[in-house]
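Below: one structure, written as structure tokens.
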Amino acid sequence: MPTQDQRKLVPYSEARPLIEDGDLLLFRRRGMISIAGRGVHSHAAKAAWWGDDLFCLEIREWYGGRAVTLSSQVERYPERIDVYQVNPDNRWPEYDADAASRYMRRLAGCPYGYFGVVTAATLHLPLLRFFTRPNLNDSDPGQRPPFCSQACAMADRLGGGVDPVPHLADPLTEPADLARSPFYRYRFTLTRSASKNTPTRSASEDNNLSIAR
């Protein structure tokens, strides 16, 4: 997990062709989730290519599951989106990136798991960590809708076939847990492209789309 000074800032126009299907996107912001999780990230999403367009697949508060263009998120959150390579060096050859992306796409339209994120953040608080035993059981995901990092963990475990945080149940997995996982490797942080270098976007990439297959 890079510190503020260790980040590698890369303009979106240069980073775009380097981002692969299923890469992890972690958003930096101080808040209840990042503080409780002892990290700097408050939101998690996944990158996915759809034809020539690059999308951010996420479950976000107020919106639920959706797919938005990654370029739109970089414009809104410059220097705050860290890109992590999934399955670095192919250490997990059984991992299926296409299936993980497909699983994440199929969460489009689902509600946001407010109850789950509050529960996970609460259980990560310093005092409660000493008096509660973390749930390690992934076989019982529960009936409540997932929140952002829970959805990413589920996509890689249930879709891709690899549990990125094997010693923690998906409903308790926060963005900081994903950032510390060896299943992901930090690559760079996205910043706005200079106007003259910004690639022309297609009409579909200018819109925020909800897609599911």
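Taking the residues in segment 22-58 that are surrounded by fewer than 17 Cβ atoms within 10 Å (Cβ to Cβ) and charged (D, E, K, R) as candidates, determine which candidate is modelled with the lowest pLDDT.
Narrowing segment 22-58 to residues surrounded by fewer than 17 Cβ atoms within 10 Å (Cβ to Cβ): 29-32, 35, 38, 49, 51-52.
Among the residues that remain, those that are also charged (D, E, K, R) are: 29-30, 38, 52.
Values: 29: 80, 30: 64, 38: 61, 52: 95.
Among those residues, the one meeting the criterion is 38.
Can you pull out every residue in segment 71-103 that is within 23 Å of residue 16 (Cβ to Cβ), part of a helix (DSSP H, G or I) and without any contact (Cβ under 8 Å) to a residue 60 or more places away in the chain? Within segment 71-103, 73, 76, 89, 90 meet the criteria.
Summed over segment 158-181, residues that are without any contact (Cβ under 8 Å) to a residue 40 or more places away in the chain and in a helix (DSSP H, G or I) total 1.
The values are calculated or read from the model by the stated rules, or taken from the named source; none is laboratory data. Everything quoted here is computed from the prediction, not taken from an experiment. Cβ: placed from backbone, ideal geometry, glycine included. Neighbour counts: every protein chain shown.
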